[in-house]
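The values are calculated or read from the model by the stated rules, or taken from the named source; none is laboratory data. Keep in mind that what you see is a predicted model, and the values were worked out from it rather than measured. Cβ placement follows ideal geometry from the backbone for every residue including glycine, while neighbour counts extend to all protein chains displayed.
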Amino acid sequence: MIETFKHIQSSLEAMPHLLRLGRLFSETVLIEIDGNEFYLSFEKGHLVSVVEGPSRKTPWRFALRTDADSLNKFWQARPEPGFHDIFGLVKIGRGRIDGDILSLVKNLRFFKEVLTLARAKEELVA
Amino acid sequence: MTIEPITGRYVTVTIDGAPRRIYFEEAGQGRPVLCLHTAGADTRQWRHLMNDAGITASNRLIAFDMPWHGKSLPPEGFETQEYLLTTEAYIETVLAVIDGLGLDRPVLAGCSMGGRIALQLAALHADKFSGFIAIEASDFQPAWYDIDWFHRPDAHGGEMGAALVSANISPYAPKTERWNTLWMFMQSGPGVFRGDLSFYTRDDSLIPRLPTIDTRRTPVHIIVGAYDLTCTPEDAARTAKAIPGATLAVMGELGHFPMSEHPEGFRPFFVEALEKMPRPTAKAA
């Protein structure tokens, strides 16, 4: 999984419109997959580090908690209903979002498009 | 160069005792079909169907921007008002437009909150219509988000609203139409999406009215997309079941804005819906 996030990290650098959208976003996001923690630290829209947990001393702004099977489905080119969006994962009971949700919502397009950088098809699906 | 057959005009009607200048578009001839846009958007959602000669050959499609939306201005004094749409105001607006345009028992086709009000009108004012096509429509949906997110001084409500509703668009939607659909939300006036959602997520008065709808007089056909997280196929099925005689179609590859996000995918479902609606007598415009 860490390789996927590293792929997102490098792909983001080639997406000037996303770097522009995220220019005010400097936060750490926790992605928890089957209980395994991954801390994604953003600085002005750049994903500057991806660190695998566990960690009790890394502060984070908001968290997406899900499972590997759901994320693999999320990253299909055309996911099945419910797996096509992070709020879909929440809706079907395969994901949970907590923490400062307003921070997520203010940067929602940015964050959702960053996550879909790992999607199988090249075309972005927000 | 292409000049589309859609024409846009304005009609002034009285709503809540005051004049409102309403923008409307129309295309086609024959049976009138009044089309209602979703929350936070406008008439442009219907442009693909209005440009579809196969549909407009025998159907006169009319769509209007609700007050506060698109090219319809908010009421005088809006600058000190909090926009909160209500069932009563929505019904009054639709009926005022029908009267203002002189429409004789149109088919009413509404999407999302437009579908919700279509079902309210089916229960309360069926005599004004010949049938109802309720798209992404259900009895009631409490919000799975905080509607106040979309109207605050420190962030752009339209951009946040677009990012949220993108969750309701199918991955099968063509990229261009996905973004055209989202653009309308981005353009929505401050507080308008929130005010629409207040109606959509807080008013559950439709639930006890559903069994009173008489589909023998005015058929009700509900259409829902599998990728709609707001009004899911389960929500639509529950709603259809509560209306004696209502029919339901599930679109496997579409979302919450089918006529806008994926017009080609939606077309056969809309044609099927129109076929279920009665043809008016010759006196219809």
(message) Taking the criterion of being at negative phi, in contact with a strand residue (DSSP E or B) (Cβ under 8 Å, 6 or more places away or on another chain) and more than 10 Å from chain A (Cβ to nearest Cβ), would at least one residue in the range B:190-212 satisfy it?
(response) no
(request) Could you please find all residues in the range A:81-95 being without any contact (Cβ under 8 Å) to a residue 24 or more places away in the chain, at the interface with chain B (Cβ under 9 Å from one of its Cβ atoms) and closer than 15 Å to A:Thr116 by Cβ? (result) A:Phe87, A:Gly88
(message) Any residue in the range B:23-35 that is more than 7 Å from B:Asn59 (Cα to Cα) sitting within a Cβ distance under 9 Å of a residue that is hydroxyl-bearing (Ser, Thr, Tyr) and assigned to a loop (DSSP other than H, G, I, E, B)? List the pairs, counting only those 6 or more apart or interchain.
(response) B:Tyr23/B:Ser72; B:Phe24/B:Ser72
(request) May I ask you to list the residues in the range A:99-112 that are within 9 Å of another protein chain (Cβ to nearest Cβ), part of a helix (DSSP H, G or I) and in contact (Cβ under 8 Å) with a residue 40 or more places away in the chain? (result) A:Arg109, A:Phe110, A:Phe111
(request) Kindly indicate whether B:Gly255 is in a loop (DSSP other than H, G, I, E, B), small (Gly, Ala, Ser) and closer than 21 Å to B:Arg217 by Cα. (result) no
(message) List the helices (runs of 4 or more DSSP H) inside the range B:127-218, counting only whole elements, that have at least 2 residues being within 28 Å of B:Pro32 (Cβ to Cβ).
(response) B:175-187, B:192-202
(message) Just to be sure before I move on: is B:Trp68 part of a loop (DSSP other than H, G, I, E, B) and at pLDDT 95 or above in the structure I sent?
(response) yes
(request) Could you run through the range B:219-252 and say how many residues are buried (at least 22 other Cβ atoms within 10 Å of the Cβ), in a helix (DSSP H, G or I) and touching a strand residue (DSSP E or B) at 6+ places or on another chain (Cβ under 6 Å)? (result) 2
